[in-house]
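In what follows, a single structure is set out as structure tokens and then discussed.
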Amino acid sequence: MTPRGCHSGEGNMTNKRERLEAAIAGQVPPDGRLPIAFWRHFPGDDQSAESLARATVEYQAQWDFDFVKVSPAASYCAEDWGLESAWTGNQEGTRDYLNRPITGPEQWERLPLLDITKGTLGRSLRALELVNEGLAPGTPFIWTVFSPLTVLRYLRGPAYVSDLRQHPDRVLHALDIVTRVFEQFVDAVLDTGAAGIFLAVQPASYGILSEEEYRRFGEPFDRRLLDAAQRGWFHLLHAHGENVMWDLLASYPVQAINWHDRATPPTLAEARPRFGGALVGGIKQWETLLQGSPGDVKAEVAGARDQVSDRGLIIGAGCVIPITTPWRNIRAAIDAANNG
């Protein structure tokens, strides 16, 4: 595997930020190496600041990706409001939810503001401080922030959809509370040295909501979080699931966008003229990265590169990679990003 040591001051080598900024500008990095990153969960380790930070730093030390997407347990966004969860062996490292704190629509009006320095949110900020201390100099890192409507999904479960249709004022009140908390949290994330946020959006799918509904219950609150994060330089939006409202999300003020490009429209080639920043993807995390051969991985990376002629592309998967992903396939992806 070609070494990727590329920090500021190392001769004429392109450093990580320069490589990312070239992709954000829709260009090919000066050294011809495409930026690449895979992110994963660390079940068990994600239950304390120290162990999550150590796992994240050691993972990055092994692979030297061009940026680090710190992956807390998804439940972190709702635990301080009472969500309980457990990891029971899921291959993605995601957790099962043991209860939902919101069990009826009337409870949305009683959702309290939180102190972001305490509880799980405070623990998360401590993890980021430790990540910043532990990473090699010049390594950009970002933290996962869930869109406010996604947080409501974790708090209520699938019934949040019927709530927003039948009790819109109550849901809008809760969305404002959640957004106010995470506006403060995002500001604190950037204070730790993070380059930006990974904004994970789950409900912006035509299989869940209409575009009119998302423009009312999703977009305004997403944009408030991004406004709070303006001083960051690398915000990556993740459009989760199938039949996503891609063009709506691509209008957000973010530098990069990631979606399941091998499973749901648009393709990378279709997306290139519709978004001015970096496209992140190209590899199927299950069929190819987990179950395929190194040759399969290299072929998929080559196909992704061909779709956009290397311009404005960050090689990645459609979502978190399985925790059992073979190392040989990660190496193959890095080689293919390095060497074409």
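Each value in this text was obtained by applying a stated rule to the coordinates, not by laboratory testing. Since we're looking at a predicted model, the values are computed, not measured. Cβ sites come from the backbone with ideal geometry, for glycine too, and all protein chains shown count toward neighbours.
Extension gain, S309 to L113: 0.36 nm times the residue separation minus the Cα-Cα distance gives 65.8 nm.
Using a simple charge model, +1 on the beta-carbon of Lys and Arg, -1 on the beta-carbon of Asp and Glu, nothing else, what dipole does the stretch 64-162 show about its Cα centre, in debye to the nearest 20?
So the magnitude is around 240 debye.
The Cα atoms of the stretch 34-95 define a convex hull whose projected area, averaged across directions, is 4.6 nm². In this calculation the C-beta distance from Y206 to D31 is compared with R0 = 30 Å, giving a FRET efficiency of 0.15.
By the scheme Lys and Arg +1, Asp and Glu -1, what is the net charge of all other residues having a beta-carbon under 13 Å from that of T179? Net charge in that neighbourhood comes out at -3. Computed per residue of the chain from DSSP H runs no shorter than four, each worth -39500 (n - 2.57), the mean residue ellipticity at 222 nm is -12000 deg cm²/dmol.
Please report the net charge: other residues with Cβ closer than 10 Å to the Cβ of A336, K and R +1, D and E -1. Around A336, the charge tally is +1. Site pair E50 and D227 shows an inter-label distance of 4.1 nm when each label is modelled 7 Å from Cα along Cα→Cβ. Hey, of (i) 60, 53, 40; (ii) 71, 51, 46; (iii) 58, 40, 38, which did the structure itself give for Cα extents along the principal axes in Å when calculated? Of the labelled values, this structure produces (iii). Multiplying the residue separation of N132 and E84 by 0.36 nm and subtracting their alpha-carbon distance yields 14.5 nm. Each residue in C319, C77 was given a count of other beta-carbon atoms within 10 angstrom of its own, and listing them fewest first yields C319, C77. Here's how it looks for H238: its modeled amide H is under 5 Å from those of L199, A200, V201, N258, which are all 5 or more places away or on a different chain. With all projection directions averaged, the alpha carbon convex hull of the stretch 275-340 covers 4.1 nm². Using a simple spin-label model with pseudo-atoms 7 Å out from Cα toward Cβ, I323 and D169 lie 4.5 nm apart. Taking trypsin sites (Lys or Arg not before Pro) as exposed when their DSSP state is a loop state and no more than 14 other Cβ atoms lie within 10 Å, the longest site-free interval of the chain runs over 1-117. Our coupling estimate for the stretch 294-300, obtained by passing each phi through the Karplus curve with A = 6.51, B = -1.76, C = 1.60 and θ = phi - 60°, is x, x, 4, 5, 4, 5, 5 Hz, Gly and Pro reported as x. Dipole size of the chain about its Cα centre, with +1 on Lys/Arg Cβ and -1 on Asp/Glu Cβ: approximately 320 debye, rounded to the nearest 20.
Potential lengthening of the chain between N243 and N339 amounts to 31.3 nm, from the contour at 0.36 nm per residue minus the alpha-carbon distance. Considering only V28, T179, G89, the residue lying farthest towards the positive end of the dipole of the chain is V28, judged by Cα position with unit charges set on Cβ. With both labels modelled 7 Å from their Cα along Cα-to-Cβ, the E58 to D191 distance reads 3.0 nm.
Only one residue of A333, V320, Q62 has its Cα farthest out toward the positive end of the dipole of the stretch 22-339, where Lys and Arg carry +1 and Asp and Glu -1 on Cβ, and that residue is A333.
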